[in-house]
Amino acid sequence: MWMITGCTSGFGRDFVLALLDRKIPVLATCRGDAEKRLADLAKLGAKVATWDVSAPYDVLKKQQEEIESKFGTVEVLVNNAGFLQPVGCLEETGPEDDLQQFATNNFGLHNTCRLFLPGMRRLRKGAIINISSIAGYQGFPGSGLYIASKHAVEGISECLAGEVEHLGIKVVCVGPGFFRSNFLTNHNTSVANGSVRKGIEDYEPIMGPLKTSWASYDNKQPGDIRKGVEVMIDVVLGEGFAKGKKIPVRLPLGPDAVASLRARAEKDLAICKEWEEFVGSTNHTD
């Protein structure tokens, strides 16, 4: 059984629909009243359950036990739940914003993995898809907390992949580019209504254009979410183009994400080439 977090919209919802079309058992989850919020997916054949990734570990532990007792072992976990909030330069945000951003995008992902890995270990097989972002490849001014959280998803995914590979469990960190959705609307980010915690005039040359750009880009992104979901499912199942290929730990999704990852790699290689002789001269001589 596949389990998807954050299924009320976007990638989560399309994941469920795609899996149902393939006749693959899937558990759709969300915060709050899942039976009400995911009723349409339940009518189509999905199993539904409440899973708030930001809940305390003890609460999630109880829910995990209930889920696997009722529905069976989760063999493929898709950590999709996440959000972008608040948007602002670092000085414009506060410690409470750090905690809010990382509680969902990172700590919740960590706990979800911790709780469903035992079942996969028992089976000696399984897969975890951690949804990162194009933001996990490069840093951009004005949304540092979100970008930092996605860099952290990249890091933990790479470590986890090495920890569980010998157990037959695969981990892939997928970095979608800009896919058409409501991700940039005001219930996911403060850009749409301009509600940055405290605006600082010196940062307006950065934040002004960013707000305008994202507001105009909302629901006009070039990526097709359903196509992106089908790619991820093929990668895990080893079907289509992915047949016979080893699942990569890091997988960009969309041409913009591929370009961003390539640009990051080329930039890093250029740094090594320019500075290697100097910064590589720091070892002891004995």
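The values are calculated or read from the model by the stated rules, or taken from the named source; none is laboratory data. As the structure is a computational prediction, the values presented were derived from the model and not from experiment. Cβ: placed from backbone, ideal geometry, glycine included. Neighbour counts: every protein chain shown.
Just need a number here: residues in the stretch 46-69 that are of a type in the set (K, R) and touching a residue at least 12 places away in the same chain (Cβ under 8 Å). Within the stretch 46-69, residues that are of a type in the set (K, R) and touching a residue at least 12 places away in the same chain (Cβ under 8 Å) number 2. Residue-level analysis places T29 outside the set of residues that are within 26 Å of R124 (Cβ to Cβ), in a loop (DSSP other than H, G, I, E, B), β-branched (V, I, T) and modelled with pLDDT of 95 or more. Can you find a residue in the stretch 251-266 that is surrounded by fewer than 11 Cβ atoms within 10 Å (Cβ to Cβ), over 21 Å from L17 (Cα atoms), out of contact with any strand residue (DSSP E or B) (no Cβ under 7 Å at 6 or more places or on another chain) and at pLDDT 95 or above? Scanning the stretch 251-266, I find at least one residue that is surrounded by fewer than 11 Cβ atoms within 10 Å (Cβ to Cβ), over 21 Å from L17 (Cα atoms), out of contact with any strand residue (DSSP E or B) (no Cβ under 7 Å at 6 or more places or on another chain) and at pLDDT 95 or above, so the answer is yes.
Considering only residues that are surrounded by fewer than 17 Cβ atoms within 10 Å (Cβ to Cβ) and without any contact (Cβ under 8 Å) to a residue 40 or more places away in the chain, which ones fall in the stretch 70-110? Correct list: K70, P95, E96, L99. For the stretch 116-158, a residue qualifies if it is among the aromatic types (F, W, Y) and under 12 Å from the mean Cα position of the chain (by Cα), and exactly one does: Y146.
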